[in-house]
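J.: Input: one structure, supplied below.
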C-alpha cells in the first residue's frame, strides 16, 4: 500500500497517493482512471475519515477529509468533487442543511451517505436529495469501495483496462458458444476464423478486430453490442 500523509488544518486533512501511470498499475487492477478523480469525505470522527481515505489510497485519487463542521461549507464552495462521502449525523450541523449544501455546491457529485443512525425518515430524505447510496455504520469497507468505484464508472472516470476488457469479452464469447453447444472447431468453421485465433480471443490473450467480432457475433446469433453489454468491471 502506498504511503499516506494526513495534514490536519482545523480538522481538515488531505490524503493523496503517489502518482502512477496506467502502465505501472498491476495486472490485477481492472480499472484505470480516465481523468482526475476527487473525493471529499465529511465525518466528524477523524479516524473514520482516515479509514475511508486509506481504502482508496492505491487508486491515485485526490482525497480531502473534513472532520470540523465549521470547515465544511467553505470546502464545498472552494473545490469541485466527483464523489462526496457524507456522515449523515455530524454534531453541530443540521443533517438536512448539510445535504442541501452538498447538493447546491456540488450538483454533479455522487453523494454517498453513511450513518450510524439509520431510519426510514433519513433514508427518504436522502432519496429525495438524489443521493447515490445510503450505507449504515458499521459498513464493510469493500462495500463502500464498490459503491464509489461504480459511481465513478457511471461518470466515465474509471474504465476497464485493455487487458480486463479482452478477458471479459473472451469469457462472454466462450460462455455464449458453450451455451449453444458449439465446440471451438465448430465455431471456427461457422465464422471462418481460425481455431487458434478463436482460442486466443476466448482466453483474452488476443484482441479481435471489428470484422472478427462481427463474424463471431453472427456465429453466436447475437449483435456485437450484445457481447459488450456482457462485459462488466470486476471491482
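The values are calculated or read from the model by the stated rules, or taken from the named source; none is laboratory data. No experiment lies behind these values; they were computed from the predicted model shown. For neighbour counting, all protein chains shown are included, and Cβ atoms are generated from backbone atoms with ideal geometry for every residue, glycine included.
J.: Picking from 169, 184, 165, which residue would you name as being without any contact (Cβ under 8 Å) to a residue 60 or more places away in the chain and over 30 Å from residue 48 (Cα atoms)?
T.: Details: 169 fails: without any contact (Cβ under 8 Å) to a residue 60 or more places away in the chain; 165 fails: without any contact (Cβ under 8 Å) to a residue 60 or more places away in the chain.
Matching residue, one of 169, 184, 165: 184.
J.: When the stretch 88-114 is examined, which residues are found to be assigned to a strand (DSSP E or B) and out of contact with any strand residue (DSSP E or B) (no Cβ under 6 Å at 6 or more places or on another chain)?
T.: First pass over the stretch 88-114, keeping only residues assigned to a strand (DSSP E or B): 90, 93, 110-114.
Matches in the stretch 88-114: 90, 93.
J.: I've got another one for you. Restrict the check to the stretch 79-86 and report whether at least one residue is more than 15 Å from the chain's Cα centre (by Cα) and either modelled with pLDDT of 90 or more or more than 22 Å from residue 37 (Cβ to Cβ) (or both).
T.: Checking the stretch 79-86: at least one residue is more than 15 Å from the chain's Cα centre (by Cα) and either modelled with pLDDT of 90 or more or more than 22 Å from residue 37 (Cβ to Cβ) (or both).
J.: Inspect the stretch 23-36 for any residue being surrounded by fewer than 17 Cβ atoms within 10 Å (Cβ to Cβ), within 15 Å of the chain's Cα centre (by Cα) and modelled with pLDDT of 80 or more and give the result as yes or no.
T.: yes
J.: Looking at the stretch 109-133, which of its residues are surrounded by 19 or more Cβ atoms within 10 Å (Cβ to Cβ) and within 10 Å of residue 88 (Cα to Cα)? Talk me through it step by step, then tell me what you get.
T.: So the first thing to find is which residues in the stretch 109-133 are surrounded by 19 or more Cβ atoms within 10 Å (Cβ to Cβ), and the list is 109-115, 126, 131.
Across the stretch 109-133, the qualifying residues are 112, 113, 114, 115, 126.
J.: Of everything in the stretch 172-205, what is assigned to a helix (DSSP H, G or I) and crowded, with 18+ Cβ neighbours inside 10 Å? Give them in sequence order. If you could, list the steps in order and put the result at the bottom.
T.: Start the filter on the stretch 172-205 by keeping residues that are assigned to a helix (DSSP H, G or I), which leaves 172-179, 184-191, 195-202.
Of everything in the stretch 172-205, those that are assigned to a helix (DSSP H, G or I) and crowded, with 18+ Cβ neighbours inside 10 Å turn out to be 172, 173, 174, 176, 177, 187, 188, 191, 198, 201, 202.
J.: Given the options 77, 130, 71, name the one that is assigned to a loop (DSSP other than H, G, I, E, B), in contact (Cβ under 8 Å) with a residue 24 or more places away in the chain and in the same structural domain as residue 40 (by TED's automatic domain parsing). If you could, list the steps in order and put the result at the bottom.
T.: Details: 77 fails: assigned to a loop (DSSP other than H, G, I, E, B); 71 fails: assigned to a loop (DSSP other than H, G, I, E, B).
The unique qualifying residue is 130.
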